[in-house]
Every structure is written in C-alpha cells, then in structure tokens.
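Each remark here refers to the structure printed beneath this line.
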Amino acid sequence: MQALKLNILGFPAVNHELEVEVRDPSTGTVVKTARPFLDGTVSIPQILPGAYDVAIRHPNLALPVLRQQIRVLPVGDTKISLLLDPSRFRDTPIADIPDANLGPVRDATTTVEQTVQPLATKRPGEAITAADWNTLAGNLGALANAVTQLTRLVTPTGHDHGELENKINEIQGNFTALLDTLTTAFTELQRQIQAERIRKQVDELVDRAGLPADNPRRTALLDAVAQLNQGVVAPPSRFAQVSRNTGVQLESLVQQILDEQAEDPDLPTSPQVKAIGQSADLLRGTNTTSYETELRHLRKSDLTFGVGGLTSVLDGGRT
C-alpha cells in the first residue's frame with residue numbers, strides 16, 4: 001500500500017475546521033477520512049493504488065467545499081495540491097465610509113456672504129469702483145469652487161458607491177453558490193427517489209413473476225438498482241453513465257425473466273413489466289452533463305408515471 005499526501009491551499013484560516021473524505025468512485029464508500037494540519041497538509045497512509053474521489057468538507061456548509069477526482073500511483077507516495085475557493089467562506093461587512101466634512105465648504109460660503117454683503121448697500125447713482133467689481137468677481141469664483149467641492153464630497157463621481165457595489169457583488173456570488181448547492185442537493189435527492197421507485201417496481205415485478213428470494217434474476221435486478229444508490233453523489237456525467245448501464249441491465253434481465261416465464265402469457269403485458277420497461281427506457285436515455293439538465297431529465301420520470309416522485313415513493317410504502 002502507498003501513502004497519499006495532500007496539500008490544501010487557498011484559505012488557511014479554515015484548515016483546522018476541514019475534513020477530508022476519500023471515496024471509492026465505483027461504490028461511493030468512504031475509504032479514508034482525515035483532518036489537515038494548520039498548514040493544510042494531510043497524510044493518508046495505507047491506501048491502495050487506483051482512482052478515488054476526494055471531498056473536502058466544512059461544518060458550516062451543506063455540501064463539500066471541493067470535490068476532485070484523483071489517482072493514487074502504484075509506486076511511491078502520491079502528492080497532490082488542492083486549491084480552495086476563498087469566496088466560499090467570505091462574508092465581508094459593508095465598508096464604513098467616513099462622513100464627508102462639509103465644514104470647509106460652509107466656511108467658504110459664509111466668507112463670500114460676509115464679503116459681498118457691503119456691496120448690497122449701494123444707492124442709485126453711487127459709483128461701483130474697480131475694487132468693488134473685483135471683490136464681487138473674486139467671491140463669485142470662490143462660491144463656484146465651494147459648490148464644486150460640495151458635489152465631490154456629497155456625491156461621488158458617477159454617483160457610484162463602491163462599498164455598496166462590492167457588497168452587492170459578494171451577495172450575488174454567495175447567492176449563486178447557494179443556488180448551486182441547492183441544485184446539487186436537490187438533484188441527489190431526486191436520484192435517491194428515482195432509485196427507490198425503480199426498486200419498488202422491481203419488487204412488484206418479481207412478486208408478479210413469482211420469483212423466490214434466492215432467484216438469481218431477482219438478485220441481479222436488485223444489484224442493478226443498487227448501482228443507482230451507490231452513484232448518488234457522483235457528478236452528472238458519471239451518474240448518466242451509471243444510469244445508462246443500469247437501464248441496459250434492467251432491460252436484459254426483464255427479457256430473460258419473460259423468456260423463462262413464457263408459460264404466463266399475461267406477464268409481458270402486465271403493469272409491472274410495463275413500468276419497469278418505462279424506467280429502463282428513461283435510464284438508457286440519460287445523457288446529461290450538468291445538474292440543471294439532469295433535473296429536467298429526472299422530471300420526465302415524474303411525468304411518465306403521473307405523480308411526483310416523492311409522492312409515489314411514500315404512497316407506495318404505505319400499507
């Protein structure tokens with residue numbers, strides 16, 4: 001056996017709170033778990049060579065912070081660096097922008113008022129000297145400058161509030177991450193609902209065909225459905241491959257049961273065979289590469305069987 005050495009980078013502040021899971025991608029079984037040191041290093045000894053899925057989890061997040069497929073080499077220690085996205089942990093408060101100091105502007109306008117006030121007492125026919133004119137013009141310029149400073153202090157250029165814009169961008173990023181998390185979680189829930197519904201269909205079929213508990217066809221059918229449960233946390237493209245393989249196996253096994261039960265002419269047209277056939281067709285048609293497209297495809301199952309997936313499973317389990 002070899003050793004796997006990981007180096008977690010990107011956001012050291014949370015290293016002491018992280019947990020690393022190493023799973024077998026074919027079964028979804030957790031092979032090893034470990035916690036990193038403060039510097040982000042993780043050493044996992046005694047692990048067999050081969051492909052694994054690594055998930056890094058944080059107690060405050062529902063889904064893993066990072067998922068990545070790795071391969072442990074057959075010779076020597078395998079060293080892999082994993083980079084976390086710091087934005088997954090970001091919650092920046094709105095920046096406290098100091099209040100604008102309007103004192104200088106107020107002082108300037110007060111000075112203008114006091115300076116030009118004597119010019120307002122001129123009587124008709126009284127001469128306006130050059131000095132009076134210069135005083136008036138100079139104070140008009142000072143007033144214009146004060147107004148300019150006021151606009152810059154009270155309203156930033158382009159009416160742009162950087163502290164609010166940064167916070168809104170952060171909230172948008174956090175909302176997108178939350179939406180991705182909910183979409184992933186909902187997809188995995190839908191996968192479990194689909195697997196449970198197909199398992200019930202298998203139970204109904206083998207009961208209708210009268211297959212005993214130790215019948216190899218019955219065991220093979222249940223093993224095929226079990227692949228769906230094992231792949232619940234797999235990426236969409238991987239789960240699509242598992243679904244297609246399961247659909248092919250179900251179709252083949254059902255045909256073998258029909259051949260063996262040829263003396264029962266009503267079995268091929270029975271509701272049990274029709275239901276499992278529809279499920280097999282839907283599984284074989286799975287060609288999704290994202291959680292969004294997979295949800296749309298899983299929705300077809302609900303529409304095909306006429307009720308919501310969860311409702312069907314719950315109702316089917318009532319006695």
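The values are calculated or read from the model by the stated rules, or taken from the named source; none is laboratory data. Only a predicted model underlies this, so the values are computations on that prediction, with no experimental measurement involved. Every residue, glycine as well, gets a Cβ built from its backbone with ideal geometry; the counts of neighbours run over all protein chains shown. To get the accessible areas, we keep the full protein, side chains included, count just its heavy atoms, and leave off ligands, DNA and RNA. Shrake-Rupley method; radii C 1.70, N 1.55, O 1.52, S 1.80 Å.
Miscellaneous remarks
- Scanning the range 190-245 for residues that are among the β-branched types (Val, Ile, Thr) and outside any helix (DSSP H, G or I) yields 232, 233.
- Screening the range 99-136 for residues that are surrounded by 10 or more Cβ atoms within 10 Å (Cβ to Cβ) and small (Gly, Ala, Ser) and picking the one that is modelled with the highest pLDDT gives 108.
- Out of 244, 208, one residue alone is buried (at least 17 other Cβ atoms within 10 Å of the Cβ) and basic (Lys, Arg). It is 208.
- Applying the set (1) open to solvent by 80 Å² or more (accessible area, probe 1.4 Å); (2) among the hydrophobic types (A, V, I, L, M, F, W, C); (3) closer than 24 Å to residue 25 by Cβ to residue 178 leaves exactly one unmet item: (3).
- Residue count for the range 1-17, restricted to those that are open to solvent by 50 Å² or more (accessible area, probe 1.4 Å) and of a type in the set (A, V, I, L, M): 3.
- A Cβ distance below 8 Å, combined with a sequence gap of six or more or placement on separate chains, defines the contacts here; from the range 117-138, residues that are basic (Lys, Arg) reach residues that are open to solvent by 70 Å² or more (accessible area, probe 1.4 Å) in the pairs 122/128.
- Considering residues of the range 275-294 that are in a helix (DSSP H, G or I) and open to solvent by 40 Å² or more (accessible area, probe 1.4 Å) only, the residue farthest from residue 238 (Cα to Cα): 278
- Residue 262 without any contact (Cβ under 8 Å) to a residue 40 or more places away in the chain and closer than 30 Å to residue 181 by Cα: no
- Considering residues of the range 182-220 that are without any contact (Cβ under 8 Å) to a residue 12 or more places away in the chain and within 23 Å of the chain's Cα centre (by Cα) only, the residue nearest to residue 237 (Cα to Cα): 189
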